[in-house]
Amino acid sequence: MRRPVLALGLFTLALAANASLGIGDKAPPLKVGSYVKGIPVSLKKGVHVVEFWATWCGPCRMSIPHLTELAKAYKGKVDFTGVSISEQGPDQLGQVKKFVKDMGKSMAYNVAIDTDSKFMSKNWMDAAGQDGIPTAFIVRDGVVLWIGHPMMGLSETLGKVTAGKFSVAQSKKEFAQAAAIQKAQQEEQNAVQPYVEARQSGDLDAALKAIGVASKKYPNLAVALAPSKAEILIIQGSKDGYAMAETLTTGMYKDNPQVLNLFAWAIVEPTPAAKDPDYQVALKYSKRAVDVTKSTDPAVMDTYARALFKSGDKAGAVEWETKAIGLLKGADAATVKSYQDSLNEYKKG
């Protein structure tokens, strides 16, 4: 059966604090494999934007029109070069050429592709501790002034640079602060990883222990992991789990359908099966989740149908599972089948 997944909001970030290339440092050479559009430029003089992207990267595609607008706005003052990295497939140069051709005037700046030895990736991105694209570098007279997402701060920073109001010291300070935050978030993610692995393996005791260790080391994680802890305790039949869930669902998670659905599923159909399940509580949480989502989330409605069935309301279960199936437009075949199997089960009673 399906088990709701509770996102913890944790994600992998580059540890820029350990980088060898930073603000105020001499920029590496602009050594590319081939220019697909535009002309080669020298970073030694003038202001330049070197942006890293890939044809398969959705956010990169979204940033291209923005870069084109900036290239037009700063024509004669700033040179823009997009460098394709991390391409996939046998004919990488060919796919970049096709992509650039298809983009046409929407990609109106210099475009190049990395060398076979990944010189740009290694000496720019890796050296600066950046592992996500798109990423842009602002370089003035061969010195790195700024590193960041092209849609977040690039325009404002270029305005300051070209107006002579840019402070390298301030930029360096902000970059260091961001790196420190990234490092702290990475450490928290590492602390949560034992819980994730234990939960995925089905070892609930180990998962609970991991939550305790992570919460003790990083107190703020206690809040983020509280729903997961309550879920496990409910599955284990603990009254503490039910009490914890009640506190959470009448407090900060009152209108959070994801958490409400998580608790309801922990009662009606978890893996492993819950001990001494209280189906009336599951019915309450799942109905609340349906109300919050205004009957538009098939996963939530599916859980509510299961709670109705477990509570003895077979007709209600059939009604709501049917509604859930009706909202599965675009879902994969396996998901549709699992919902249909539940409906057939409810019909048979």
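We did not get these values from a lab; they are worked out from the coordinates using the rules stated. Just so we're clear, the structure is a prediction, and the values are computed from it rather than from any experiment. Cβ: placed from backbone, ideal geometry, glycine included. Neighbour counts: every protein chain shown.
Based on the alpha carbon coordinates of the chain, what radius of gyration and maximum Cα-Cα distance (Dmax) apply, in Å?
Cα-based Rg and Dmax for the chain come out at 26.2, 77 Å.
At 7 Å along Cα-to-Cβ for each site, give me the label-to-label distance between Ala184 and Val213 in nm.
Result for the modelled spin labels: 2.3 nm.
Compute, for the range 204-349, the length of the dipole vector about the Cα centre, with Cβ point charges of +1 (Lys, Arg) and -1 (Asp, Glu) only. Units Debye, rounded to 20.
Taking the Cα centre of the range 204-349 as origin, the dipole is about 160 debye.
What distance in nm separates the two pseudo spin-label positions at Asp276 and Ala243, each 7 Å out from Cα along the beta-carbon direction?
Simple spin-label model gives 1.3 nm for this pair.
Quote the charge dipole size of the range 16-166 about the Cα centre in Debye, to the nearest 20; the model charges only the Cβ of Lys and Arg (+1) and of Asp and Glu (-1).
540
Over the chain, what is the mean sequence separation of C-alpha contacts under 8 Å (at least six apart), divided by residue count, expressed as relative contact order in percent?
17
Per the helix-only calculation at 222 nm, which mean residue ellipticity applies to the chain, given -39500 (n - 2.57) for every DSSP H run of n ≥ 4 and division by its residues, nearest 500 deg cm²/dmol?
-17000 deg cm²/dmol
Would you mind listing how long the range 251-349 runs along its three principal axes, going by Cα atoms, in whole Å with the largest first?
36, 28, 25
Any idea what angle helix 58-73 forms with the longest principal axis of the chain, computed on alpha-carbon atoms, 0 to 90 degrees, nearest 10?
Compared with the principal axis, the helix lies near 30 degrees.
Which loop trypsin sites (Lys or Arg not before Pro) in the range 105-171, with loop taken from DSSP, have no more than 11 other Cβ atoms within 10 angstrom of their Cβ?
The qualifying sites are Lys165.
Just going by the charge dipole of the chain, with Lys and Arg at +1 and Asp and Glu at -1 on Cβ, which of Gln95, Leu67, His149 is farthest out on the positive end?
Leu67
Would you work out which of Gly33, Ala176, Ala243 lies farthest towards the positive end of the dipole of the chain? Charges go on Cβ: Lys and Arg +1, Asp and Glu -1.
Gly33
Which entries of Lys45/Lys183; Lys45/Lys122; Lys294/Lys314 have Cα-Cα distances beyond 27 Å here?
Lys45/Lys183
Report, in debye and to the nearest 20, how large the dipole of the chain comes out about its Cα centre when Lys and Arg carry +1 and Asp and Glu carry -1 on their Cβ.
Rounded to the nearest 20 debye, it is 980 debye.
Compute the angle between helix 279-292 and the longest alpha-carbon principal axis of the chain, please, reported from 0 to 90 degrees and rounded to the nearest 10.
Rounded to the nearest ten degrees, it is 40.
Can you tell me which aspartates and glutamates have their Cα less than 14 Å from the Cα of Lys165? Leave out same-chain residues fewer than eight positions away.
Glu156
Looking at Ala307, Ser338, Gly46, which one has the Cα that reaches farthest to the positive end of the dipole of the chain (charges on Cβ: Lys, Arg +1; Asp, Glu -1)?
Highest projection toward the positive end goes to Gly46.
Run the numbers for Asn344 and Asp313: contour at 0.36 nm per residue of separation, minus the present Cα-Cα distance, in nm.
The Asn344-Asp313 span can extend by a further 9.7 nm.
Could you give me the ³J(HN,Hα) list for the range 150-160, computed from phi with Karplus coefficients 6.51, -1.76, 1.60 and θ = phi - 60°, whole Hz, x at Gly and Pro?
For the range 150-160, the Karplus-derived couplings read x, 9, 10, x, 5, 4, 5, 5, 4, x, 5 Hz, x marking Gly and Pro.
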